[in-house]
Amino acid sequence: MKKEFALAFNEVLDDKQLPLEVIIEAIESAMVSAYRKTVNASSAQEVLAKIDTETGKVEVFAEKEVVEEVQDDRTEVTLEIAKKFDEEAELGGIVVVESTPEDFGRVAAQTARQVIQQRIREAEREAQYDHYHTQLGEIINGIVQATNPRAITLGLDRKAEGIMPRNHQIRGERFRVHDRVRALLYEVKQTPRGPQITLSRAHKNFLRRLLEDEVPEIYQGLVEIRSIAREPGYRSKVAVSALQPGIDPVGACVGIRGVRIQAIVRELNDEKIDVIEWNPDPAAFIAKALSPARVTGVYLDEIADTKTATVVVPEDQLSLAIGRDGQNARLGAKLTSWRIDIKSLSEAASDALFKLQDDLAFELEAEALSETIPQIEAILAKKTEGRPITPEEYQNLGKFVDQVERGAVERSQELMEERRAIEAEARADLPPAAFDIPLDELGISPRFAIAIGGEGFSTIGDLMMQLKLDADVILSVGGIGPKAMEDIDAALEAFDFPEVEVVEEPEPEVVEEEAVEEAAEAVEEEVAAEAEAEPVAEAAPAPTPKPQVKKPAPRKKKDEKPEPQKPDMAAEDLSDIEKIFAQSERRILRGGRGKPKKEGVVFADTPKPVDPEADKKKGKKKKFNEVEYDPDADMTIVRRKRKGDEGWEEENWE
């Protein structure tokens with residue numbers, strides 16, 4: 001029994017690919033259901049089941065009442081039996097005792113079979129959902145199990161099935177049963193019948209993942225895919241950029257002799273792929289996005305609701321720029337997120353000439369190009385009559401179009417700046433807190449709030465801004481009339497906006513450099529005077545301790561007085577020579593001039609750069625002192641020098 005159960009148990013684990021705990025829980029739950037059905041136990045009675053994974057033995061424990069004489073063995077147990085499972089059991093109490101029925105194995109096997117299968121099936125579906133939900137957006141492999149005009153069914157790992165609808169397939173692809181297919185895991189949904197897995201080969205992220213697999217530079221983060229525009233089965237455009245200097249992003253994606261990109265083309269059923277380099281300049285990026293067509297000029301208009309780019313191409317490049325059924329232009333617009341208007345050079349020149357003659361906004365350009373306009377009219381007349389046009393005349397047309405269109409672009413930029421200035425001025429007059437309060441809190445009718453919010457005005461500040469700039473825009477919203485406008489105005493006047501406290505940071509106190517220098521010089525002169533006035537007594541030779549050098553104290557501000565520094569040892573405990581060193585060290589630390597050497601006890605002076613003009617104004621001379629201890633002679637030498645003196649004045653302290 002032990003060997004057979006272990007083999008069967010391990011076979012279930014391998015077949016279902018489920019954890020051990022899940023299988024055991026399913027079997028125990030099934031045993032509980034079988035016990036309740038076998039003995040007709042109440043649902044209020046607590047029943048537990050335990051299974052031994054080594055022997056396969058099942059034990060059932062049920063909650064029963066302790067009584068003196070058992071009348072119903074399903075719910076009652078004697079005190080003697082209860083003591084075996086709970087030593088503290090008493091009459092009238094409730095204990096959990098073993099209640100496994102005789103011949104329970106055969107009955108349980110018949111009763112619990114469906115329960116075990118159902119629990120294992122639910123656990124298997126949950127494991128499938130968790131497994132594939134973590135792989136969303138990744139490429140997975142599957143084997144075709146069935147095909148029909150609407151979708152293809154693929155067999156996946158963990159005995160799961162995926163569906164590839166018709167709109168997620170590449171045009172012209174035909175699959176047979178047992179074909180191995182790579183696809184993007186597009187969507188995973190949890191349904192009562194298990195996870196519903198949707199696969200796609202037509203999504204643009206499928207091309208993105210293929211590029212990451214084939215191009216190591218993309219996977220390593222050296223090259224970045226900026227955007228992708230794709231029409232499955234026909235053509236795709238990919239914009240890439242290098243994240244490190246010295247890397248050719250287009251060459252990395254194409255590979256040597258196109259090896260990398262050809263592998264992707266074969267996977268996509270010979271779909272054409274254009275790889276272009278991304279450019280931060282929109283005009284240059286749009287020109288490259290229309291490749292392989294050559295572009296003469298790109299002119300941007302950002303004032304309109306949709307960003308529009310007017311692209312001018314030579315006559316022989318017009319059909320190539322537009323593409324078959326406008327495919328190249330559509331892909332370029334998707335790739336750049338700009339609306340692209342493609343014109344031939346002669347058409348653009350004709351439109352520019354019409355603007356100069358009929359639009360008053362181009363009056364300045366018309367005056368500047370008054371001499372060029374007759375030449376352009378003559379060239380366009382030759383084009384209409386079908387006569388040949390020389391390359392020089394084409395160049396003149398290009399220059400003419402460029403001058404007119406660039407003037408229009410500059411004018412649109414000026415209008416944008418004016419609009420931004422007006423909006424900034426209007427925003428400055430409104431309460432800052434209004435832009436953080438939702439429109440629902442204004443107190444107007446919910447119908448009005450929904451109608452206005454649907455137009456993009458989500459806060460009270462947005463509504464007040466539009467009313468100040470142009471109230472007719474709000475009045476044109478569906479459901480908003482003069483009466484509603486009066487209610488809105490009344491609600492805005494009655495609304496109490498919270499005040500925003502502006503905390504002003506205190507300005508740091510500025511201390512003039514001259515005041516700092518004067519305070520430092522005063523401290524230095526005071527210390528030097530104390531050192532000169534202090535008597536020096538003879539002392540017996542003693543080992544000289546190495547002085548402790550402290551970091552110089554920070555300079556004090558003008559109004560602050562310098563704090564006197566305390567010596568490390570008491571004055572009465574110092575010998576005469578130690579007092580001298582302590583005084584010298586104190587002078588250096590307070591003046592901030594000297595630095596101790598590593599060897600010996602010498603304090604050398606390190607003067608700071610001095611402004612001679614400032615010294616002339618002040619009429620003061622800088623002092624330079626040097627203290628040196630000679631251990632052989634057992635004396636301390638103090639050298640002093642004033643600016644302008646020829647030599648050092650020595651004074652020996654013995």
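The values are calculated or read from the model by the stated rules, or taken from the named source; none is laboratory data. On a predicted model such as this, the values are computed, not experimentally measured, just so you know. Cβ atoms come from the backbone with ideal geometry, glycine included; neighbour counts cover every protein chain shown.
Values as computed for the structure displayed
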item: Filter result for E224 (of a type in the set (D, E), surrounded by 17 or more Cβ atoms within 10 Å (Cβ to Cβ) and closer than 26 Å to S200 by Cβ); result: no
item: Among (1) in a strand (DSSP E or B); (2) farther than 17 Å from A202 by Cβ; (3) β-branched (V, I, T), the one test that V177 misses; result: (1)
item: Residue match in segment 276-286 (condition: in contact with a Leu (Cβ under 8 Å, 6 or more places away or on another chain), surrounded by fewer than 21 Cβ atoms within 10 Å (Cβ to Cβ) and of a type in the set (G, A, S)); result: yes
item: Segment 327-354, residues that are part of a helix (DSSP H, G or I), more than 36 Å from the chain's Cα centre (by Cα) and of a type in the set (G, A, S); result: S346, A348, A349, S350, A352
item: Test set (1) β-branched (V, I, T); (2) more than 30 Å from A408 (Cβ to Cβ); (3) modelled with pLDDT under 90 - I303 fails condition number; result: (2)
item: All positions within segment 420-460 that are more than 18 Å from D496 (Cα to Cα), in contact (Cβ under 8 Å) with a residue 24 or more places away in the chain and either of a type in the set (A, V, I, L, M) or not assigned by TED's automatic domain parsing to the domain that holds A490 (or both); result: I422, E423, A426, A451, I452
item: Residue in segment 304-316 that is part of a helix (DSSP H, G or I), touching a strand residue (DSSP E or B) at 6+ places or on another chain (Cβ under 6 Å) and in the same structural domain as S350 (by TED's automatic domain parsing) present; result: yes
item: Flag if L364 is touching a residue at least 24 places away in the same chain (Cβ under 8 Å), under 21 Å from P282 (Cα atoms) and in a helix (DSSP H, G or I); result: no
item: One residue from R166, R150, R176 being in contact with a Lys or Arg (Cβ under 8 Å, 6 or more places away or on another chain), more than 30 Å from L335 (Cβ to Cβ) and basic (K, R); result: R150
item: Any chance G221 is of a type outside the set (V, I, T), under 28 Å from the mean Cα position of the chain (by Cα) and either assigned to a strand (DSSP E or B) or outside the structural domain of R324 (by TED's automatic domain parsing) (or both); result: yes
item: Residues of segment 318-342 satisfying the condition of being farther than 20 Å from I228 by Cα and surrounded by 19 or more Cβ atoms within 10 Å (Cβ to Cβ); result: I342
item: Selected residue (criterion: surrounded by the fewest Cβ atoms within 10 Å (Cβ to Cβ)) from residues of segment 255-271 that are without any contact (Cβ under 8 Å) to a residue 12 or more places away in the chain and aliphatic (A, V, I, L, M); result: I256
item: Subset of segment 420-463 (residues that are among the hydrophobic types (A, V, I, L, M, F, W, C), under 25 Å from K483 (Cα atoms) and exposed (fewer than 14 other Cβ atoms within 10 Å of the Cβ)); result: I450
item: Inter-residue pairs, beta-carbon under 6 Å, first more than 18 Å from D316 (Cα to Cα) and in segment 276-295, second basic (K, R) and not in a helix (DSSP H, G or I), 6+ apart; result: W278/R226
item: Cβ-Cβ under 6 Å pairs, at least 6 apart or on other chains, segment 323-345 side touching a residue at least 12 places away in the same chain (Cβ under 8 Å) and farther than 17 Å from E277 by Cβ, far side of a type in the set (S, T, N, Q) and assigned to a loop (DSSP other than H, G, I, E, B); result: R339/T306
item: Cβ pairs under 7 Å, 6+ apart, first in segment 150-163 and free of Cβ contacts under 8 Å to residues at least 12 places away in the same chain, second assigned to a strand (DSSP E or B) and of a type in the set (D, E); result: T153/E161
item: Residues satisfying the stated conditions in segment 33-51, i.e. assigned to a loop (DSSP other than H, G, I, E, B) and in contact with an Asp or Glu (Cβ under 8 Å, 6 or more places away or on another chain); result: Q45, E46
item: Every residue from segment 141-152 that is buried (at least 16 other Cβ atoms within 10 Å of the Cβ) and either under 17 Å from R193 (Cα atoms) or touching a His at 6+ places or on another chain (Cβ under 7 Å) (or both); result: V144
item: Output for segment 296-309, where each listed residue is under 12 Å from I342 (Cβ atoms) and free of Cβ contacts under 8 Å to residues at least 24 places away in the same chain; result: V298
item: Segment 405-418, subset among the charged types (D, E, K, R) and touching a residue at least 12 places away in the same chain (Cβ under 8 Å), residue surrounded by the most Cβ atoms within 10 Å (Cβ to Cβ); result: E405
item: Among (1) outside any helix (DSSP H, G or I); (2) in contact with a strand residue (DSSP E or B) (Cβ under 6 Å, 6 or more places away or on another chain) - the single one R294 does not satisfy; result: (2)
item: Extreme residue, modelled with the highest pLDDT, among residues of segment 97-122 that are of a type outside the set (V, I, T), buried (at least 18 other Cβ atoms within 10 Å of the Cβ) and out of contact with any strand residue (DSSP E or B) (no Cβ under 6 Å at 6 or more places or on another chain); result: R119
